[in-house]
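Enquirer: Structure provided below as structure tokens; questions to follow.
The values are calculated or read from the model by the stated rules, or taken from the named source; none is laboratory data. This is a predicted model, so every value here is computed, not measured. Cβ: placed from backbone, ideal geometry, glycine included. Neighbour counts: every protein chain shown. In case anyone asks, the SASA skips ligands and DNA or RNA and just uses the protein heavy atoms, side chains included. Shrake-Rupley method; radii C 1.70, N 1.55, O 1.52, S 1.80 Å.
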Amino acid sequence: YSHRENLQLNQEVGAIREELLYFKAKGGGALVENTTTGLSRDVHTLKWLAEQTGVHIIAGAGFYVDATHSAATRAMSVEQVKSTT
């Protein structure tokens, strides 16, 4: 978490695709990507990567620690938070 760029999927999608293909070639079939709502997960790219590689990607859910919450998230009621996860 000390390097925010490491938390973003948008820079190295091609390299990630190649790693997933290697993972699959070595017998891998599924992985859990634990980025949560508070860390700006990118489910569209995860879906694309799964479709491109044949690796099942299980996306994380929920919210991470308070330091990662946007002002909008902090302003949400418990009911609103529950409805987004």
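Enquirer: Using a 1.4 angstrom probe with every protein chain in place, what is the largest-first accessible-area order of E12, E79, E33? Let's see the in-between values first.
Expert: On the way: E12 110, E79 130, E33 50 Å².
Per-residue accessible area, sorted high to low, gives E79, E12, E33.
Enquirer: For A75 paired with A15, estimate the spin-label separation in nm (one decimal), with each label point 7 Å from Cα along the Cα-to-Cβ line.
Expert: 3.7 nm
Enquirer: OK, next. On full extension of the chain, what length is gained from A59 through K82, given 0.36 nm per residue of separation minus the C-alpha to C-alpha distance? Before the final figure, lay out each step's value.
Expert: Numbers: separation 23, 0.36 × 23 = 8.28 nm, distance 1.71 nm.
Gain on stretching A59 to K82: 6.6 nm.
Enquirer: If you rank F23, F63 by how much accessible surface each has, with a 1.4 Å probe, what is the order from largest down? Numbers along the way, then the final one.
Expert: Values: F23 75, F63 55 Å².
Ranked from most to least accessible, the order is F23, F63.
Enquirer: Show K24, K82, K47 ordered by accessible area, largest first, where the area counts protein heavy atoms only and the probe is 1.4 Å.
Expert: Numbers: K24 90, K82 145, K47 125 Å².
Sorted by accessible area, descending: K82, K47, K24.
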